[in-house]
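Here is the structure we will look at, set down as structure tokens.
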């Protein structure tokens with residue numbers, strides 16, 4: 001069986017336990033947390049520990065901040081690095097073996113497709129910042145026993161890392177197995193020549209997968225070839241979660257409940 | 001899958017082979033079609049695509065549909081589906097004969113994309129129906145059958161009219177490469193009449209990837225080039241006058257007959273009358289059996305369209321009519337397969353040529369070794385004719401062969417040694433189908 005998690009903000013319920021009850025009934029296997037800045041994710045530790053004790057699987061956290069580890073501004077960059085290290089420590093404690101913290105290089109900071117088109121920092125400087133950040137975060141991840149997953153975003157949301165092969169190249173240069181690639185089906189649909197070929201080539205470094213359809217809506221609402229995508233993930237031996245990160249069309253509870261069944265319809269695994 | 005698990009084969013081994021097969025299909029996928037092998041065969045091949053689609057349907061039904069749609073998108077106006085659809089992004093000299101040899105753009109009714117001018121065995125209707133059945137909802141949603149059915153009908157019409165060279169109701173292949181069994185000893189006699197083009201006039205590319213001892217000789221290659229050049233220079237017209245080589249061959253005619261049954265099923269699905277396909281299938285089956293079946297040999301032989309003589313060579317093509325529903329001599333064919341020439345119970349894949357013949361060569365292209373596609377067709381035929389135990393046994397041994405030797409192009413049928421290219425598309429696709437067919 002493929003394992004599917006759902007980001008927490010999509011689920012109804014006052015507590016993580018209530019949210020997981022809904023998620024489990026719909027066929028999800030876990031919850032992907034959102035990691036806010038200002039150490040607010042760390043401040044949730046008592047709540048997260050209670051949820052973990054009550055058996056809520058929380059294998060990953062997705063960063064939810066206005067600035068990221070490759071920000072142009074050195075102070076914001078420093079803060080993002082500290083936030084990510086904190087999030088890695090927290091998820092390592094409550095996420096169990098192979099817990100993942102996700103981050104893009106940046107989000108909403110600059111796009112080469114929108115004015116003024118030329119970023120204030122050169123590509124070489126971008127690369128140096130990215131490699132420094134990945135080294136610092138990767139070492140911390142290895143120390144606490146978690147995985148840092150670097151997420152390529154589409155060209156309108158980030159100008160530095162758009163395709164899996166770019167993330168792989170940086171990760172190989174960083175040389176740390178604690179840093180892996182995050183494949184997001186929505187961004188891949190925009191950026192990759194052929195998403196399944198990109199997954200095959202990135203397979204050795206694949207650490208996390210987020211799913212939404214071609215239009216950012218729930219899987220099944222767009223035109224992605226889910227059979228091909230899920231069969232590819234199985235064929236390359238990906239054993240992590242598919243974390244649902246999407247917007248919802250229709251009544252939210254109904255939309256959410258449709259996702260596990262839809263994805264499992266395309267589960268390509270050889271039955272045990 | 002349940003049946004598989006009852007065998008002494010661990011779940012992990014099945015899963016690993018299944019995954020490896022899908023990795024081959026993913027690696028060979030070019031965004032609209034699948035190449036048979038990344039280096040040796042870097043374009044889309046016609047009957048390869050049919051077999052590949054049969055496996056791809058287990059990876060993605062939509063992708064399998066696109067595989068066939070992209071091939072049929074390169075159909076000529078006269079209905080022919082070309083043997084090769086060239087990828088314009090691949091250098092012209094990557095494969096010989098390439099686009100500059102065939103010059104399809106100058107031929108009337110050729111498509112916008114460069115292709116070769118000959119054809120390959122018509123396995124496409126069978127494949128299209130199998131692809132539809134894998135996910136009828138996805139097929140209906142995309143209008144798959146509505147799109148491919150008229151093209152498949154035109155394809156069969158080309159073969160049953162333009163290629164009915166003798167007028168006796170069987171199609172002819174006009175080049176050994178059209179037969180699918182390219183270098184088969186069955187073609188030696190009609191090929192001997194052809195004057196080879198001197199080796200100085202062309203450059204083979206196949207020898208860059210395989211040992212000369214496993215490939216056709218230079219003399220035969222010169223004959224292949226002669227036939228292709230003459231066809232091209234005649235503007236790809238079809239007649240016994242143009243085609244110095246013309247053979248009514250059991251494999252192609254059997255695929256046509258089986259394909260007409262598939263077209264009848266498609267017609268029913270589309271709300272059309274399938275009667276004309278059922279009568280075409282009956283006619284083809286009758287002609288095949290009365291004209292090409294040899295009772296003494298218990299096998300079908302090809303017939304030289306020029307001389308009218310049977311080409312009495314025991315090749316795997318002679319067993320292929322087992323895929324025809326209602327074939328009156330099915331049990332005789334199974335008997336022949338079980339005999340010394342093909343040794344169905346232990347040789348695997350089924351040998352391309354008579355194991356008991358003096359000139360059987362277990363390593364040379366279509367002169368002895370076994371291919372997975374012809375074995376898959378025979379497996380399909382065994383199931384069709386109620387030989388479930390033999391079918392299951394053949395399937396198990398095919399799976400084991402490939403697990404041991406890899407996704408090779410062809411195999412020594414007795415030792416299992418792999419030959420030709422690795423990562424071969426239809427080997428992976430058909431093994432996936434064998435693994436996933438209940």
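Identify, from the list B:232, B:223, the residue that is outside any loop (DSSP other than H, G, I, E, B) and within 26 Å of residue B:79 (Cβ to Cβ).
B:232
How many of the residues in the range B:143-166 are closer than 25 Å to residue B:315 by Cα and in a loop (DSSP other than H, G, I, E, B)?
Just the residues of the range B:143-166 that are closer than 25 Å to residue B:315 by Cα, to begin with: B:156, B:159-160, B:163-166.
From what is left, the residues that are in a loop (DSSP other than H, G, I, E, B) are B:163-166.
Of the residues in that region, 4 qualify.
Given the conditions (1) in contact (Cβ under 8 Å) with a residue 12 or more places away in the chain; (2) farther than 23 Å from residue A:76 by Cβ; (3) surrounded by fewer than 24 Cβ atoms within 10 Å (Cβ to Cβ); (4) out of contact with any helix residue (DSSP H, G or I) (no Cβ under 8 Å at 6 or more places or on another chain), report the number of the one that residue A:95 does not fulfil.
Of (1) in contact (Cβ under 8 Å) with a residue 12 or more places away in the chain; (2) farther than 23 Å from residue A:76 by Cβ; (3) surrounded by fewer than 24 Cβ atoms within 10 Å (Cβ to Cβ); (4) out of contact with any helix residue (DSSP H, G or I) (no Cβ under 8 Å at 6 or more places or on another chain), only one is false for residue A:95: (3).
Taking the conditions exactly as written (in contact with a helix residue (DSSP H, G or I) (Cβ under 9 Å, 6 or more places away or on another chain) and under 26 Å from residue A:48 (Cβ atoms)), does residue A:146 satisfy them or not?
So residue A:146 fits the description; yes.
From A:129, A:200, grab the single residue that is outside any loop (DSSP other than H, G, I, E, B) and within 22 Å of residue A:4 (Cα to Cα).
Every option except A:200 fails the conditions.
Could you check the range B:57-74 and list, in sequence order, the residues that are within 9 Å of another protein chain (Cβ to nearest Cβ) and within 18 Å of residue B:437 (Cβ to Cβ)?
Within the range B:57-74, B:58, B:59, B:60, B:61 meet the criteria.
Determine if the range A:205-214 includes at least one residue that is part of a helix (DSSP H, G or I), over 26 Å from residue A:112 (Cα atoms) and more than 14 Å from chain B (Cβ to nearest Cβ).
Yes.
Out of the range A:238-265, which residues are part of a loop (DSSP other than H, G, I, E, B), over 22 Å from residue A:193 (Cα atoms) and within 14 Å of chain B (Cβ to nearest Cβ)?
A:239 - this is the single residue of the range A:238-265 that is part of a loop (DSSP other than H, G, I, E, B), over 22 Å from residue A:193 (Cα atoms) and within 14 Å of chain B (Cβ to nearest Cβ).
Looking at residue B:347, is it more than 18 Å from residue B:121 (Cα to Cα) and either touching a residue at least 12 places away in the same chain (Cβ under 8 Å) or in contact with a strand residue (DSSP E or B) (Cβ under 7 Å, 6 or more places away or on another chain) (or both)? It would help to see each step written out before you state the result.
On the way: more than 18 Å from residue B:121 (Cα to Cα): yes; either touching a residue at least 12 places away in the same chain (Cβ under 8 Å) or in contact with a strand residue (DSSP E or B) (Cβ under 7 Å, 6 or more places away or on another chain) (or both): yes.
For residue B:347, the condition - more than 18 Å from residue B:121 (Cα to Cα) and either touching a residue at least 12 places away in the same chain (Cβ under 8 Å) or in contact with a strand residue (DSSP E or B) (Cβ under 7 Å, 6 or more places away or on another chain) (or both) - is met.
Determine which single condition residue B:43 fails, assuming it passes every other condition in (1) buried (at least 22 other Cβ atoms within 10 Å of the Cβ); (2) within 14 Å of chain A (Cβ to nearest Cβ); (3) closer than 23 Å to residue B:408 by Cα.
In the conditions (1) buried (at least 22 other Cβ atoms within 10 Å of the Cβ); (2) within 14 Å of chain A (Cβ to nearest Cβ); (3) closer than 23 Å to residue B:408 by Cα, residue B:43 misses (2) alone.
It is to be established whether one or more residues within the range B:15-34 are in a loop (DSSP other than H, G, I, E, B), buried (at least 19 other Cβ atoms within 10 Å of the Cβ) and away from chain A (no Cβ under 14 Å).
No, because not a single residue in the range B:15-34 is in a loop (DSSP other than H, G, I, E, B), buried (at least 19 other Cβ atoms within 10 Å of the Cβ) and away from chain A (no Cβ under 14 Å).
Among the residues of the range A:218-232, write down those that are more than 9 Å from chain B (Cβ to nearest Cβ) and surrounded by fewer than 23 Cβ atoms within 10 Å (Cβ to Cβ).
If the condition is that a residue be more than 9 Å from chain B (Cβ to nearest Cβ) and surrounded by fewer than 23 Cβ atoms within 10 Å (Cβ to Cβ), then A:220, A:221, A:222, A:223, A:224 are the ones that fit.
Bear in mind that the values in this text are calculations on the coordinates, not laboratory data. Predicted model only: the values in this text are computed from it and were never measured. Cβ sites come from the backbone with ideal geometry, for glycine too, and all protein chains shown count toward neighbours.
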